[in-house]
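The values are calculated or read from the model by the stated rules, or taken from the named source; none is laboratory data. Keep in mind that this is a model prediction, so the values were computed, not measured. Note that we place each Cβ from the backbone using ideal geometry, even for glycine, and neighbour counts take in every protein chain shown.
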Amino acid sequence: MSVIEFPRLAREWRPDELQQLVSLADAARFSWETGATERGEPQFYVIGPAPEHGCVLCVSRLAQGYVLEDGTGHVIGEAPALNRVAVEVARAAIRGSRSFVSRVMVAWITIRLTVEERFEPIFQESEEMLARYAPQLAAFI
Amino acid sequence: MVRSRKTEKAVPNSMELRKRAGAWLQEQRKAAGLSQIELAQQLGLKYYTFISQVENGFGRVPSDSMEAWARALGIAPPVFARELLVYYEPELHKLLFEVKT
């Protein structure tokens, strides 16, 4: 098997990427750390519970997208966008026999992304409607 | 290089030992003249990101692939496994190799 090698990109996580990853780890009450490959691609490690504090999920950003692995090197998802990774990972976790912690994490990520994707447009639409009709409603009061 | 931002303090023992194991593995890889990509190729991995995960001290070399890692790094598998046991299972290593019967 040949290893997939990508051209080099920015060495750091972008603030928006990091914010998303950190909020997911924080909300799941996992600690986290960042690191990088030898070539400088950023990695985000989700750290499991005591006493081992081992890596339960590792997100790496390569030039072509994101790669998600568990703590034993199994690739559990790969996608061009962070939210697509979560969906792919959820599928893999349901199909496979990954560790309990990974499965919980993945399920949580998927639920969160689903909620954000479904409800954010509704909230935005509501705000637009409010801005549009508020003056007319105010006239009735 | 690892840039850390912890949300909570990790137990230094397991993590510190894994980091030491990672540093040792990186040393061995460099001594063997391999890049992370080349090592991943020899191990049949799709990506080299796991090599980095292990070297940064967040992952462990799985027991079932220790022999492959050892051979790729040019180290005798028993020597390699025994060295990693020092970091991954220090109590077991002590029982097996240090405690006198």
Qualifying residues in region A:1-38 (those that are at pLDDT 75 or above and among the charged types (D, E, K, R)) - the one farthest from the chain's Cα centre (by Cα): A:E38
Search result, residues across region A:37-46 that are at the interface with chain B (Cβ under 7 Å from one of its Cβ atoms), of a type outside the set (V, I, T) and either assigned to a loop (DSSP other than H, G, I, E, B) or touching a residue at least 24 places away in the same chain (Cβ under 8 Å) (or both): A:E38
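For (1) more than 14 Å from the chain's Cα centre (by Cα); (2) modelled with pLDDT of 95 or more; (3) within 18 Å of A:C55 (Cβ to Cβ), each residue gets a yes or a no:
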| site | (1), (2), (3) |
| --- | --- |
| B:A23 | no, yes, yes |
| B:L34 | yes, yes, no |
| B:Y48 | yes, yes, yes |
| B:E67 | no, yes, no |
| B:A72 | no, yes, no |
| B:I75 | no, yes, no |
| B:E83 | no, yes, no |
- prompt: Mind checking which residues of region B:25-37 are more than 8 Å from chain A (Cβ to nearest Cβ) and crowded, with 16+ Cβ neighbours inside 10 Å?
  reply: B:L25, B:Q26, B:Q28, B:R29, B:L34
query: Of B:N56, B:N13, which residue is at pLDDT below 95 and either out of contact with any Lys or Arg (no Cβ under 7 Å at 6 or more places or on another chain) or at the interface with another protein chain (Cβ under 9 Å from one of its Cβ atoms) (or both)?
result: B:N13
query: Of the residues in region A:47-66, how many are surrounded by fewer than 24 Cβ atoms within 10 Å (Cβ to Cβ), hydrophobic (A, V, I, L, M, F, W, C) and either within 11 Å of the chain's Cα centre (by Cα) or within 9 Å of chain B (Cβ to nearest Cβ) (or both)?
result: 3
message: Exactly one of these conditions fails for B:L73: (1) over 22 Å from A:I47 (Cα atoms); (2) free of Cβ contacts under 8 Å to residues at least 24 places away in the same chain. Give me its number.
response: (2)
